[in-house]
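Q: Below you will find the structure I want to go over with you.
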């Protein structure tokens, strides 16, 4: 079968951690299996990751939003401070898309949280699990005006795909905004549940997210694991594939692993410690693992998801400043993990097939 050059797809994930890029992997795989031409556009670590996963595809660099974090918990005020930079990146992104669709003869755009990646001459799909803000306390008055702005943004897209299953409802209130052409497309994960492996590690720590919070959490975890003397593995999420460090006789640290190696390592580990980013939660659901979730301080979406899942007795949650791994190991068996039905459907395949008709 020849590649379909009349149905070029542009896949454009946001570079904000690796989650937006990793959850695009099953979509890219499906398009490639159908011999559909795929071009990927992103920046930074997200772009580097996808180049390693799919080295034969064409790539374009989009403007960077260059999100900066501070060591304190003032996430919201920090995001508002950077708003002019984000708006400029959004406008630059829209300008780049015009050139990319002409250069590569693109007819469909699938954008994962890149609001500027749409065009009047293409079919435009937005992937997002957060259709409405979830500010609480004194900032809750911002929810309504931001929701109205998001509605205007969503109007630029022909469809909004929510990576969730309506019956599982992992996203809860985040995706509950009633809008036209909203489609639940099933749980998206780069992983497939592997064959059973012998459990060889008590704890696997998967670190992610931007600095400095990633390093702050890594230091706290290593300090506590040294006292526990349990066989543990840390994947630090730094892009240096070849570096392996034996911290002591119980703890091994990898800088980064490819999808296959990480999938095997997860299956060989009894418990997972990770952030409560939504892509990480979908990975845990597909792999059927129990986990301790640690939200990035001040990141309201991660805090909401972790608290929701803990209240549902699916995952244990601890805040970063209160991290106590020894205590967590005494409680974690009280939480079930996410039990997906064996016949979990990826509705995005049906939607892509309709786009191709």
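Since every read-out is calculated from the coordinates, none of them should be taken as a lab result. Please read these numbers as outputs of a predicted model, since none were measured by experiment. When we count neighbours, we look across all protein chains shown, and the Cβ atoms used for this are built from the backbone with ideal geometry, even at glycine.
Q: Can you give me the convex hull volume of the Cα atoms of region 295-357, divided per residue and expressed in Å³?
A: For region 295-357, the hull spanned by Cα atoms encloses 124 Å³ per residue.
Q: Please state, rounded to one decimal and in Å, the Kirkwood hydrodynamic radius that region 256-345 gives when every pair of distinct Cα atoms enters the mean of 1/r.
A: 13.5
Q: Moving on. Could you calculate the contour length gain from residue 245 to residue 179, that is, 0.36 nm times the residue separation minus the distance between their Cα atoms, to one decimal place in nm? Before the final figure, lay out the partial values.
A: Working: separation 66, 0.36 × 66 = 23.76 nm, distance 4.88 nm.
The residue 245-residue 179 span can extend by a further 18.9 nm.
Q: Now, a different point. Starting from the coordinates of the alpha-carbon atoms of region 116-224, obtain the Kirkwood hydrodynamic radius over all distinct pairs and give the value in Å to one decimal. Each step should come with its number before you reach the end.
A: Working: mean 1/r = 0.0571 Å⁻¹.
Kirkwood radius, region 116-224: 17.5 Å.
Q: Compute the distribution of all C-alpha to C-alpha distances in the chain, in bins of 20 Å from 0, and list the percent of pairs in each, rounded to whole numbers.
A: Bins of 20 Å from zero give 29, 60, 11 percent of pairs.
Q: Just need the Rg to Rh number for region 176-266, please, alpha carbons only, Kirkwood Rh.
A: A ratio of 1.09.
Q: Under a plain spin-label model, where a point goes 7 Å from the Cα along Cα-to-Cβ, how far apart in nm are residue 85 and residue 151?
A: Modelled inter-label distance: 3.2 nm.
Q: Separate question: What is the gain in length, in nm to one decimal, between residue 259 and residue 66 on full extension, counting 0.36 nm per residue of separation less the C-alpha to C-alpha distance?
A: Working it through step by step, the gained length comes to 67.0 nm.
Q: Also: Based on DSSP H runs of at least 4 residues, each adding -39500 (n - 2.57), what is the mean residue ellipticity at 222 nm of the chain after dividing by all its residues, to the nearest 500 deg cm²/dmol?
A: Mean residue ellipticity at 222 nm (helix-derived): -11000 deg cm²/dmol.
Q: What three numbers, in Å, describe the spread of the alpha carbons of region 152-214 along their principal axes, ordered from the longest?
A: In descending order, the Cα extents are 49, 35, 20 Å.
Q: Still on this model: Please compute the volume of the convex hull spanned by the alpha-carbon atoms of region 201-334 and report it per residue in Å³.
A: Once divided by residue count, the hull of region 201-334 is 101 Å³.
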